[in-house]
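Colleague: One structure coming up, written as structure tokens, with questions to follow.
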Amino acid sequence: MARSSLLAAIGAGVLASVCCVGPLAAVAVGVGGAWVSRLSALEPYRPFFVALALGALGLAWYREARRVREPDCDCETGLRPKMRRLLLGLGTVLVLGLLAAPSLIGRTHPTAMAQQVRSEPVQEVVLEVQGMTCEACSQAVVYALRRLEGVQAAEVTLEPPEARVRFDAEKVSVAQLIEAIRGAGFDAKLKNGV
């Protein structure tokens, strides 16, 4: 049955992308906490989930291509062939989008400093961020920092795992910056020597 293979492909696609897209989506809708960083625990299994999703998707298309009507019955049960193929095509686009999302996030949201309106007194700090595994994680941290009033720019890198933040010290404190990163599901502390 092509339907079960398609559902398996969608499930595996969600599991393959949840480690990267999950924290970013959670921060974007205003949900955070330590549990968000636990989604990155699935990242080592991502290749397995990608292979499972592509295999299940291939099986769904194979089953659809091999599907034939019973010769003794000219009655149509279930969905019509065009509708089945349309749903299978939409499911394929969804799965491929889920699999491509982690790499697309890094390309559409560069980690360069995003400048906002400058005000005085401006300070800059470098914070060590722990728990990030991909570009989507770094973008979740950038988004969490940019939501704070007084943050003028935020740059987050994976290597080394740190956030460079320019902010108005009269509007936001370093403790609030660290708390925002923790709210996104990652641990942070002031980097030594800066």
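Colleague: Go through the stretch 180-194 and give me each residue that's over 19 Å from ALA26 (Cα atoms) and aliphatic (A, V, I, L, M). Walk me through how you get there before you give the answer.
Modeller: The initial filter retains those residues of the stretch 180-194 that are over 19 Å from ALA26 (Cα atoms), namely 189-194.
Those that are over 19 Å from ALA26 (Cα atoms) and aliphatic (A, V, I, L, M): LEU190, VAL194.
Colleague: Here is a further query. Being in contact with a Lys or Arg (Cβ under 7 Å, 6 or more places away or on another chain), farther than 21 Å from VAL29 by Cα and acidic (Asp, Glu), is that true of even one residue in the stretch 163-179?
Modeller: Taking every residue of the stretch 163-179 in turn, none turns out to be in contact with a Lys or Arg (Cβ under 7 Å, 6 or more places away or on another chain), farther than 21 Å from VAL29 by Cα and acidic (Asp, Glu).
Colleague: Quick one: count up the residues across the stretch 158-179 that are closer than 21 Å to VAL18 by Cα and at pLDDT 90 or above.
Modeller: Residues in the stretch 158-179 being closer than 21 Å to VAL18 by Cα and at pLDDT 90 or above: 1 in total.
Colleague: Which residues, counting only those in the stretch 184-194, are outside any strand (DSSP E or B), buried (at least 19 other Cβ atoms within 10 Å of the Cβ) and of a type in the set (Gly, Ala, Ser)?
Modeller: Residues satisfying the conditions are ALA184, GLY185.
Colleague: While we're here: May I ask you to list the residues in the stretch 130-145 that are in contact with a Cys (Cβ under 7 Å, 6 or more places away or on another chain) and not in a helix (DSSP H, G or I)?
Modeller: Correct list: THR133, CYS134.
Colleague: In the stretch 146-157, what residues are out of contact with any strand residue (DSSP E or B) (no Cβ under 6 Å at 6 or more places or on another chain) and in a strand (DSSP E or B)?
Modeller: THR157
Colleague: When only residues in the stretch 158-182 that are part of a helix (DSSP H, G or I) and touching a helix residue (DSSP H, G or I) at 6+ places or on another chain (Cβ under 6 Å) count, which is most open to solvent (accessible area, probe 1.4 Å)?
Modeller: Among those residues, the one meeting the criterion is ALA180.
The values are calculated or read from the model by the stated rules, or taken from the named source; none is laboratory data. Not measured: the values here are computed from a predicted model. Glycine gets a Cβ as well: all are built from the backbone with ideal geometry, and neighbour counts include every protein chain shown. These accessible areas exclude ligands, DNA and RNA; they are computed on the full protein's heavy atoms, side chains included. Shrake-Rupley method; radii C 1.70, N 1.55, O 1.52, S 1.80 Å.
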